[in-house]
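The values are calculated or read from the model by the stated rules, or taken from the named source; none is laboratory data. Since the model is a prediction, treat every value here as computed from it, not as a measurement. Note that we place each Cβ from the backbone using ideal geometry, even for glycine, and neighbour counts take in every protein chain shown. The protein model used for the area step is the full one, side chains on, heavy atoms only, and it has no ligands, DNA or RNA in it. Shrake-Rupley method; radii C 1.70, N 1.55, O 1.52, S 1.80 Å.
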Amino acid sequence: MTQLSSSGNELIQMSEGAVILKGFLLKHEQELLRNLERITDLSAFRHMVTPGGYRMSVAMTNCGPRGWVTDERGYRYSETDPETGHAWPEMPALYSQLARQAAAVAGYHDFCSDACLINRYIPGARLSLHQDKDEKNFTHPIVSFSLGLPATFDFGGRTRSAPVTPYLLEHGDVVVWGGPSRMFYHGIRTLKKGHHERMGSQRINLTFRRAH
Ligand code: SIN
Ligand code: FE2
């Protein structure tokens with residue numbers, strides 16, 4: 001179902017409590033990218049290892065008070081970057097404001113994120129179907145920004161075997177899922193080769209959460 005949101009963006013309803021806001025970030029592209037450069041200068045992208053010993057194809061970093069990490073000890077949120085031993089780079093005000101605005105358009109008011117996971121996909125990278133369940137607080141939604149190469153986002157249901165629907169996520173899109181769909185399975189299919197005029201041969205995803 002496609003309609004127009006109060007902000008004038010095309011809005012795609014994926015399921016109850018879950019929407020895509022097409023092009024929501026386009027006006028802020030330059031500043032989003034400037035901030036990203038500052039963050040990755042301080043805490044660089046790295047390939048983390050799953051508790052099962054697999055090196056993830058997606059490279060990750062974080063900004064904000066908490067960052068999602070994985071290693072042989074498990075998945076968790078950490079207040080420090082294990083690579084630098086320092087706090088994660090501050091979350092830019094623009095990031096938290098845009099995440100809050102997008103959540104509000106989707107019907108979630110007063111979203112206040114304390115964690116932003118930043119994923120970098122190059123062609124061939126993928127993120128298999130999973131739930132976001134390492135947060136302590138499931139009353140807040142997940143807000144996800146897409147920049148760069150387009151990707152196919154599979155959005156499923158409450159169980160791993162529930163049918164998934166594929167959605168194309170393009171540069172500037174925001175996905176918000178919460179409420180009845182907060183625990184829905186989702187993933188990103190293998191990124192196809194391509195070139196994006198601003199971002200080159202990569203896709204960047206920023207996922208805002210309320211971890212605590
Ligand atoms: C995630 O599920 O954490 C990332 C989703 C995406 O890359 O769009
Ligand atoms: Fe996720």
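A few comments on the model shown:
- Averaging Cα coordinates gives a centre for the stretch 155-212 and one for the stretch 115-137; these two points are 8 Å apart.
- Count of Lys pairs (Cα-Cα under 27 Å; at least 8 positions apart or interchain) in the stretch 2-209: 5
- Heavy-atom accessible surface of the chain, averaged per residue, reaches 48 Å², computed with a 1.4 Å probe.
- When you restrict to C-alpha pairs under 8 Å that are six or more residues apart and normalise by the size of the stretch 131-212, the relative contact order lands at 46 percent.
- Taking 7 Å steps out from each Cα toward its Cβ at S5 and R189 produces label points 2.4 nm apart.
- Lys/Arg +1, Asp/Glu -1 at C-beta; the chain dipole; positive extreme among L33, L129, M183: L129
- The stretch 2-209 - percent relative contact order, Cα under 8 Å, separation 6 or more: 24 percent
- Computed from the C-beta positions of E197 and E90, the FRET efficiency with R₀ = 30 Å rounds to 0.55.
- Gain on full stretching of the segment that runs from R158 to T139 - 0.36 nm per residue minus C-alpha separation: 5.3 nm
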